[in-house]
Amino acid sequence: MQQPVIKYLFLGLLATNCLACNQATKEPAAAETPEAPETPVTVTGINTDPMTDSIVLNATSSFLQKNYIKANANGYLQSNFTHPGQFVKQGQALFTIKTKEAETIGNAVNKLDSTFRFTGTNSIRAGENGFITLLSHQAGDYVQDGEQLAVISDVNSFAFLLDLPYEQRPLLQNRKTVDLVLPDGEHFIGIISGTLPSVDPSSQAQSIIIKINSSHPIPENLVAKVKMLKDLKEHPVTLPKATVLTDETQSNFWIMKMIDSSTAVKVPVKKGLENNNRVEILSPVLTADDRVLLSGNYGLSDTAKVKIVSPGNINEH
């Protein structure tokens, strides 16, 4: 009896081992490869509208010529017909001076003949049209011959002085006018009338004289902006600034360009003109059919899987 039982047990163990071996020798199922994630992006194309390159420089208003009103005799100021900021015309009386001697002689003469009406006063008049920018004395002051009484800023000498770096002088070649903008946004067409024969020792900038025709007075020392054109291109290939990426040193530049419906590749580019919104692409040659990543392009690898979405949906991913 025991031998058949042992035999059956042995056959059961053998069958179990064979089944385990068969399961162990079976090849494992191939692991499923996960799909690469797609980055949501927006795309744009090239533009060939005209593009300019300009620089903006400062120009300061100034009265290039000032008239210094001086006393023509020793005496007392009897009259003062002016005040600071007043506009005066050429020949207008500004001061009268009466000397001690004139006062004494005048009283004696008037006693002898009252019809003579001797006053003994000297009148001082404005030499040019302009604004009184400084008053040094008032009525009743004693002044000496040649002493400064007032300063008149000659209105005909008013101009803006443009601080032009000397290396930028070629920008003035064949140029007669510039666009001048005041701090309040008022625009003028400035006429280049000359240059001052010196440069600032620290900035090496030369002062360019710019005349304007204004219907209202403009104060002195007002800083305006002058925009000067450096270059003009009629049909450049440009992209929005957001499409052009760079490294930390800003020495290498590239764009991410679509090569099919879902793949973007890194394309090194060479830049040309730039303004606030767009960049000229000198190389490689881009066509109207090219699509370039506008947003979602930062940090993408050389060959990246992307998903083109509308600008309104990109923030939803």
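The values are calculated or read from the model by the stated rules, or taken from the named source; none is laboratory data. Owing to the predicted nature of the structure, the values given are computational and were not obtained by experimental measurement. A quick note on method: Cβ atoms are made from the backbone with ideal geometry, for glycine too, and the neighbour counts reach across all protein chains shown. For the accessible areas, the whole protein counts, side chains as well, though only heavy atoms, and no ligand, DNA or RNA atoms are used. Shrake-Rupley method; radii C 1.70, N 1.55, O 1.52, S 1.80 Å.
In the range 60-103, of all residues being aliphatic (A, V, I, L, M) and assigned to a strand (DSSP E or B), the one that is farthest from Asp141 (Cα to Cα) corresponds to Val88. The numbered conditions (1) in contact (Cβ under 8 Å) with a residue 40 or more places away in the chain; (2) more than 17 Å from Phe63 (Cα to Cα) are all true for Asn221 except (2). Residues that are on the phi < 0 side of the Ramachandran plot and touching a helix residue (DSSP H, G or I) at 6+ places or on another chain (Cβ under 8 Å) within the range 176-215 comprise Ile192, Val199, Ala205, Gln206, Ile208, listed in sequence order.
Exactly one residue out of Asp260, Asp247 is exposed (fewer than 10 other Cβ atoms within 10 Å of the Cβ), over 29 Å from the mean Cα position of the chain (by Cα) and free of Cβ contacts under 8 Å to residues at least 40 places away in the same chain, and it is Asp260. Of all the criteria given as (1) modelled with pLDDT under 90; (2) surrounded by fewer than 16 Cβ atoms within 10 Å (Cβ to Cβ), the one not satisfied by Asn122 is (2). Taken over the range 263-277, residues that are open to solvent by 90 Å² or more (accessible area, probe 1.4 Å), of a type in the set (S, T, N, Q) and either farther than 30 Å from Lys176 by Cα or assigned to a strand (DSSP E or B) (or both) amount to 0. What are the pairs with Cβ atoms under 6 angstrom where one residue, in the range 291-306, is open to solvent by 60 Å² or more (accessible area, probe 1.4 Å) and the other, located anywhere, is assigned to a loop (DSSP other than H, G, I, E, B)? Sequence gap at least six, or different chains. The qualifying pairs are Lys305/Ala36; Lys305/Glu38; Lys305/Ser262. Looking across Leu293, Leu282, Leu229, one residue alone is farther than 30 Å from Leu134 by Cα, outside any loop (DSSP other than H, G, I, E, B) and under 23 Å from the mean Cα position of the chain (by Cα). It is Leu229.
Here Phe253 meets each of (1) under 30 Å from Ser193 (Cα atoms); (2) at pLDDT 95 or above; (3) in contact with a Lys or Arg (Cβ under 9 Å, 6 or more places away or on another chain) with one exception, condition (1).
Does the range 307-314 contain at least one residue that is part of a loop (DSSP other than H, G, I, E, B), within 25 Å of the chain's Cα centre (by Cα) and either among the charged types (D, E, K, R) or surrounded by 11 or more Cβ atoms within 10 Å (Cβ to Cβ) (or both)? Looking for residues that are part of a loop (DSSP other than H, G, I, E, B), within 25 Å of the chain's Cα centre (by Cα) and either among the charged types (D, E, K, R) or surrounded by 11 or more Cβ atoms within 10 Å (Cβ to Cβ) (or both), one finds none in the range 307-314, hence no.
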